[in-house]
1. Could you tell me how many of the residues in the range 22-57 are among the acidic types (Asp, Glu), in a loop (DSSP other than H, G, I, E, B) and over 27 Å from ARG8 (Cβ atoms)?
2. Assuming LEU19 fulfils every condition listed in (1) outside any helix (DSSP H, G or I); (2) modelled with pLDDT of 95 or more apart from one, which condition is it?
3. Residue pairs, Cβ under 8 Å, 6 or more apart or interchain, first in the range 48-67 and more than 22 Å from ARG27 (Cβ to Cβ), second modelled with pLDDT under 95 and among the small types (Gly, Ala, Ser). List them.
4. Can you tell me which residue in the range 54-68 is modelled with the highest pLDDT, limited to those that are touching an Asp or Glu at 6+ places or on another chain (Cβ under 7 Å) and over 18 Å from ARG37 (Cβ atoms)?
Amino acid sequence: MARDARTRPAELLTVRQVLDELGGISRRTFYRWRELRLAPACIRLPNGELRVRRDVLNDWLEERAEGAAS
């Protein structure tokens, strides 16, 4: 039986994948955005690595689209 979308685990992106999706911005820029609370919300794993949920990144990008309704 196929998993329901509500129970399917969210796709977690690495910082490198997020940087690539954002047009190849630098790691430094991403972490500066995090300090300024401008970056998409991240999840810190027990090993200290960061992940960004695919749906969170997509929503974050849509909120910043030029001409988007406020």
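The values are calculated or read from the model by the stated rules, or taken from the named source; none is laboratory data. Keep in mind the model is a prediction, meaning the values are calculated, not measured. Neighbour counts are summed over all protein chains in view; Cβ atoms, including those assigned to glycine, are modelled from backbone coordinates with ideal geometry.
1. Applying the first criterion (among the acidic types (Asp, Glu)) to the range 22-57 yields 35, 49, 55.
Subset that is in a loop (DSSP other than H, G, I, E, B): 49.
Within this subset, residues satisfying the condition of being over 27 Å from ARG8 (Cβ atoms) are none.
The total comes to 0.
2. (1)
3. ASP55/ALA10; GLU62/ALA68
4. Only one residue tops the list, namely ARG54.
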